[in-house]
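Can you keep this structure in mind? I'll have questions shortly.
A short reminder: the numbers here are calculations on the coordinates, not readings from a lab. These numbers were taken from a predicted model, which means no experiment stands behind them. Methodologically, a virtual Cβ is constructed for each residue, glycine included, from the backbone with ideal geometry; neighbour enumeration extends over all protein chains shown.
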Amino acid sequence: MKSVLDSSAFFTAASFTGDLYTTSSVISELRDLSSKARFDLLHETGLQVMDPDRESVIRVRETAVKRGEAEGLSPTDIGVLALALQLQACIISDDYALQNVARSLSITVIPIRQKGARNIRWKFRCSGCGRYYTEPGECQVCGAIIQRKLK
């Protein structure tokens, strides 16, 4: 089975099997000695470092905006999701925002330490006049910021 590892996979002692992948931006997030050593060990046993193609990144960004999770995803998260989409792989991560977008893209997520994220739907409401919108941005009526709220 193909799996893409998020940064959280390198901060745990859990074992992973199958064809393992990660992105170069995940590697750049590893700062402490134990996570770097974990990467070295996995890399020596077959972990591959790849960056996703442009089309997959665009699709992930579009889906994140539609789901209301664009603010919650880092560029690294987007890269991890895009690589999993490109490779038709599952993702190993404890990041809830990443899990929500993955679910929308039909990407299987395997949580590491935490319970999997529940399927969250957001609504968007103007912070000024209270009107509801389908996505974040600026209110067309009063100009205030449209904020996401839990449905």
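For the chain, build the charge dipole from Cβ charges (+1 Lys, Arg; -1 Asp, Glu) around the Cα centre, then report which of Met50, Ser34, Ala64 sits farthest towards its positive end.
The listed residue farthest towards the positive side: Ala64.
Find the lysine pairs in the chain meeting two conditions, Cα atoms under 17 Å apart and a separation of 8 or more places or different chains, and report how many there are.
5
How large is the helix-only mean residue ellipticity at 222 nm for the chain, computed as the sum of -39500 (n - 2.57) over DSSP H runs with n ≥ 4, divided by its residue count, in deg cm²/dmol to the nearest 500?
The helix-only estimate for the chain comes to -11000 deg cm²/dmol at 222 nm.
Also: How many angstrom lie between the C-alpha centres of segment 4-25 and segment 57-105?
If we compute the Cα centre of each part, the gap is 16 Å.
While we're looking at this one, here's another question. DSSP loop trypsin sites (Lys or Arg not before Pro) in segment 68-118 with at most 13 other Cβ atoms within 10 Å of their Cβ, which ones?
Taking segment 68-118 and a limit of 13 other Cβ atoms within 10 Å, the loop trypsin sites (Lys or Arg not before Pro) found are Arg113, Lys115, Arg118.
Can you sort Tyr21, Tyr132 so the residue with the fewest Cβ neighbours within 10 Å comes first?
Exposure proxy ranking, most exposed first: Tyr132, Tyr21.
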